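In what follows, a single structure is set out as structure tokens and then discussed.
What follows is calculated from the coordinates using simple rules that are stated; it is not laboratory data. What you are looking at is a predicted structure, and each value in this text was computed from that prediction instead of being measured. Cβ: placed from backbone, ideal geometry, glycine included. Neighbour counts: every protein chain shown.
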Amino acid sequence: MQVPRVVWALGGGGARGLAHLGVLRVLEEEKIPISGLVGTSMGAVVAAVYAAGGRLDYLSRVAAALSWERLWDFRFPRMGLINGEKIMAVLRLLTMKKKLEELNPPVWVVATDLLTGKEVVFKEGSLEPAIRATISIPGVFTPVRHGKYLLVDGGVVAGVPAGIARQMGADLVIAVNVSYDLTPLPPGNILEVLMKTVEIMGARLKEAQVAQADLVLTPCVGHVGTGHFSRAADCIAAGEEAARRMLPAIRRLLRNTRPGRGACGCEQKEAFYNTGLA
């Protein structure tokens, strides 16, 4: 029996995005289709390291054991506080320097162009500029110049990229939303102030984007701050729990969906760019 083409939209959320590792672990164990992954920010990071061939048990151990604070390479704050080279050095190892078109399943990475305010989607070419761009929280990381673009975090325009996932030719789009629940967690430093500000600004936008998915998984990680990477194990466990909780709904959706719905293609938005060749 032909299986529907399921594209998963993995949202951004800093440390909370590590919940995607738990979700993917359950999908693998239960043999749930993953025809493609579209990611923003940490969602893109998880999608890339997974599709590059990373074993989920290994990636989960790395995420929990990594001293994330040591990866913040602070600089004189002209356009951002963190240069990002230390983080990229780790990600180069985890992705084995693969190109986007070499990933399995296919991965699209979402960033935002500061010059136009439009979304920029990487579909092919080097992973490095794509990942470096999509994690660039404004004010925290320095923006990335790539061709004619000046790029920052994809979460500015597409915190949960369900609409973009639809453009991958999906029969079904399932989103994983790790959005902040805006509980009163006081920021502890300037990084957390900037991160929390971006979260608040994107909260309403995410609601509209999540509505474009056929099904939404919401791991219970809203109480974890964007920069609280010490909670990695908790976030991964929450991702597993959310996926297992939604397995009956996922299977029901798969049974009731006729393959080929996405083959007709989706209307392309003006803001949709293939930047891989730039």
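Tabulated data
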| quantity | calculated |
| --- | --- |
| Simple label model, 7 Å out from Cα along Cβ direction - T197 to Q2, nm | 5.1 nm |
| Whether segment 82-128 is rounded, prolate or oblate, judged on the alpha carbon gyration tensor where a/c under 1.5 counts as rounded | oblate |
| Inter-label distance, nm, simple model (7 Å from Cα along the C-beta direction), R55/L215 | 2.8 nm |
| FRET efficiency estimate (nearest 0.05) - Cβ-Cβ, E207 to R145, R0 30 angstrom | 0.40 |
| Two-site label geometry, E85 and V62: point separation in nm, points 7 Å out along Cα→Cβ | 2.1 nm |
| Cα shape, segment 203-247, gyration tensor, a/c 1.5 rule | oblate |
